[in-house]
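Structure first, then comments.
The values are calculated or read from the model by the stated rules, or taken from the named source; none is laboratory data. Just so it is clear, the structure is predicted and the values come from calculations on it, not from any experiment. Methodologically, a virtual Cβ is constructed for each residue, glycine included, from the backbone with ideal geometry; neighbour enumeration extends over all protein chains shown. Surface areas here come from the heavy atoms of the whole protein model, side chains and all, with no ligands, DNA or RNA. Shrake-Rupley method; radii C 1.70, N 1.55, O 1.52, S 1.80 Å.
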Amino acid sequence: MILHIQHLSFSYSETPLLRDLSLTVEKGEIVCLLGPNGSGKTTLLDCVLGFHRTFSGSVSLCGKNVLSCTRQTLARQAAYVPQIHTPSFPYTVREVVLMGRTAQAGLLGAPGKEDRALCGAALRRVGIEALAERPYTSLSGGELKLVLLARALAQQTPLIVLDEPTSSLDFKNELLFLDTLADLVKNDGISVLMATHALDHPFYFESKGLPVRAVMLKKGEPARVGAPSDLLTAQTLLDVYGVCASILETNDVNGRSVKTIAVLGREEKAE
Amino acid sequence: MKRTGITKPMRRAVLIAALFVLPVVFVAASLFFGRYPLPVRDVLTAFIRPGSVPLATKVAVWQLRLPRALAAAFVGASLAVSGAAFQSVFRNPLVNSGILGVSNGAGFGACVAIVCFGGGVWTYLLSFVFALAAVVLSWFAGRISRVTTTITMILGGTIVGAFFSALVSVMKYIADPYSQLPSITFWFMGSFASIGYSHLLALIPMTLGILLVFLSRWRLNVLSMGDREAAALGLDVRRCQFLVIGGATLCTAAAVCISGTIGWVGLVIPHIGRMLIGNNNQKLVPVSISLGACFMVLMDLLSRTLTGAEIPIGILCALIGTPFFVYLLKKTRGGNWT
């Protein structure tokens, strides 16, 4: 078991945002966190990454309680791909990916030869070695996300945590990113915990035959957990988002059956 | 790619050697120039056999020019390296070594010394103490619910800086306009004119500070990704910031207390480094140290030889450095900033 969350509750104010949430992420499994804005997706990720430390319940990564871990230990268990990266100095792509090796260097150490080799491998794995010497601030949104993924990969953690990784990408880049992620899960046995607004994402992973579960969060309500096809029904969408939707089924270019969601209107507009 | 036949490790070795050798060359060269004309041979002899040269020569080389050049080199290195460090910590290319109120704090200390204690050794002591105090105050001013975030620390620094600058005005207002006020004004323009060996005590905190930043140089890259990402990458952000800010503060405070405020170097030398070798702090920090030292020794040499009277070094740095900076900016097309 890579990630084990037991009876997690968290609140910013009087009303709890996350209530008695229990969840596991197994090796080589993808867990998609879904839910409306403000339902606690990022908050949950922050609890897992040790940014929030005032929750009740327990969160353990690879058997270690996150609250008793140092930043270094945590960074060896879980890598993080942020939703928004505020550009810093124009470092080269290679220099940014090399930062993924921080947890392996000491307080005053710097990455060595082995770290550089791993960073090169991460760049190749994600398919962006051609960008290696470019200033990362000059990249497109899609390329930048792949750089951040390569950096997370260079961290060599069993778990990668992603916060809405494709929210700013166009169709093709979104698919490229998801394909890369699916490949990492399938061939490298990496586990993925990702928050996303796109309900098609869990369906996408399901159509690829990968072990995937969806977690539907709604503020102040217990989380609903299940396989995408079981959980993501018109009824759930109505309950959680207040929208009328229809689950459509079609085939992808390889002829595999894939589901997608069509939103038909707001609940209050319905007759 | 390999047209030149020069391999990457070779280029690296040459660069590292140049970084070490250049400041030494600049310091050595500066011994041969000055208002008191000395033949090259006499200067060399003063070094090899100090007993066999006239006393005036010995004094000029050993007591005046050498400590002065050493002080200039360390001050230049300190200001440049702390500028580079603060730019990364605050992820802001516009920041200089004075961001946390060091210069204004030191200025106030110097004013108090000049007005209340008649200057002298008090000037160095009080400007050093108040420079450190300003940074500690900035840290606490930016502390909200037991945490000092990067942005509140900048706010704290700005506020504390403004506070000390107001105090400086108060001191100027009450200072004697014929004796004390000119001293204050000259202090703020910066000078190495009165440096002797006793001032080289300041080399200890400067070396310590430079060393702290130098050892943290790779982590500066990670810090500049922002607190959240740096933490997720496995960095103990608070501890690392403490080391870097502590080191940068120590060397800036020590530099400013013996030279007065020279604001330009901490902003521009790191940028010249960025244009020349890129933004990776692993290279930028050593390059800034070396460039800062060379630049300051050169400026001090010019300040004491260009005209009959000494030109305050703060003025010279800005007057000569600015056109050079603009030239580099055009030539490197902004070094990836655009």
- Query: Which of the residues belonging to segment A:106-152 are without any contact (Cβ under 8 Å) to a residue 12 or more places away in the chain, within 14 Å of chain B (Cβ to nearest Cβ) and more than 22 Å from B:A230 (Cβ to Cβ)?
  - Reply: A:K113
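Out of curiosity, is A:A117 open to solvent by 40 Å² or more (accessible area, probe 1.4 Å), outside the structural domain of A:A198 (by TED's automatic domain parsing) and among the hydrophobic types (A, V, I, L, M, F, W, C)? Show your work before the answer.
Values: open to solvent by 40 Å² or more (accessible area, probe 1.4 Å): yes; outside the structural domain of A:A198 (by TED's automatic domain parsing): yes; among the hydrophobic types (A, V, I, L, M, F, W, C): yes.
For A:A117, the condition - open to solvent by 40 Å² or more (accessible area, probe 1.4 Å), outside the structural domain of A:A198 (by TED's automatic domain parsing) and among the hydrophobic types (A, V, I, L, M, F, W, C) - is met.
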- Being of a type outside the set (D, E, K, R) and within 11 Å of B:A85 (Cα to Cα) is the filter here, so list the residues in segment B:219-251 that pass it. B:L220, B:N221, B:L223, B:S224, B:Q241, B:L243, B:V244, B:I245, B:G246, B:G247, B:A248, B:T249
- Which residue out of B:A60, B:A28, B:A71 is of a type in the set (A, V, I, L, M, F, W, C), open to solvent by less than 30 Å² (accessible area, probe 1.4 Å), under 21 Å from B:G292 (Cα atoms) and assigned to a helix (DSSP H, G or I)? B:A71
- Item | Options B:L212, B:L132, B:L125, B:L203: the member that is within 20 Å of B:T252 (Cβ to Cβ), within 14 Å of chain A (Cβ to nearest Cβ), open to solvent by 10 Å² or more (accessible area, probe 1.4 Å) and not small (G, A, S) | B:L212
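Looking only at segment A:149-200, count every residue that is part of a helix (DSSP H, G or I), open to solvent by 10 Å² or more (accessible area, probe 1.4 Å) and touching a Cys at 6+ places or on another chain (Cβ under 7 Å) and tell me the total.
In the first step, residues of segment A:149-200 are kept if they are part of a helix (DSSP H, G or I); the result is A:149-154, A:171-188, A:200.
Within this subset, residues satisfying the condition of being open to solvent by 10 Å² or more (accessible area, probe 1.4 Å) are A:153, A:171-176, A:179-180, A:183, A:186-188, A:200.
From the residues that got through so far, the ones that are touching a Cys at 6+ places or on another chain (Cβ under 7 Å) too are none.
Summing the residues that are part of a helix (DSSP H, G or I), open to solvent by 10 Å² or more (accessible area, probe 1.4 Å) and touching a Cys at 6+ places or on another chain (Cβ under 7 Å) in segment A:149-200 gives 0.
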- Output for segment A:53-105, where each listed residue is assigned to a strand (DSSP E or B), within 20 Å of the chain's Cα centre (by Cα) and within 11 Å of chain B (Cβ to nearest Cβ): A:A78, A:A79, A:Y80, A:V81
- Query: Which of the residues that make up segment A:48-73 are open to solvent by less than 40 Å² (accessible area, probe 1.4 Å) and touching a residue at least 40 places away in the same chain (Cβ under 8 Å)?
  - Reply: A:V48, A:L49, A:H52, A:F55, A:S58, A:V59, A:S60, A:L61
- Residue list for segment B:43-57, restricted to those being assigned to a helix (DSSP H, G or I) and more than 21 Å from B:G196 (Cβ to Cβ): B:L44, B:T45, B:I48, B:G51, B:S52
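Is there a residue being closer than 30 Å to B:I272 by Cα, within 20 Å of the chain's Cα centre (by Cα) and open to solvent by 30 Å² or more (accessible area, probe 1.4 Å) anywhere in segment B:4-14? So that I can check it myself, show each step before the final result.
The first filter runs over segment B:4-14 and keeps only residues closer than 30 Å to B:I272 by Cα, leaving B:4-14.
Now narrow it down to the ones that are within 20 Å of the chain's Cα centre (by Cα): none.
No; the residues of segment B:4-14 include none that is closer than 30 Å to B:I272 by Cα, within 20 Å of the chain's Cα centre (by Cα) and open to solvent by 30 Å² or more (accessible area, probe 1.4 Å).
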- Task: Would you mention how many residues in segment A:121-141 are of a type in the set (G, A, S), in a helix (DSSP H, G or I) and either surrounded by 17 or more Cβ atoms within 10 Å (Cβ to Cβ) or at positive phi (or both)?
- Result: 1
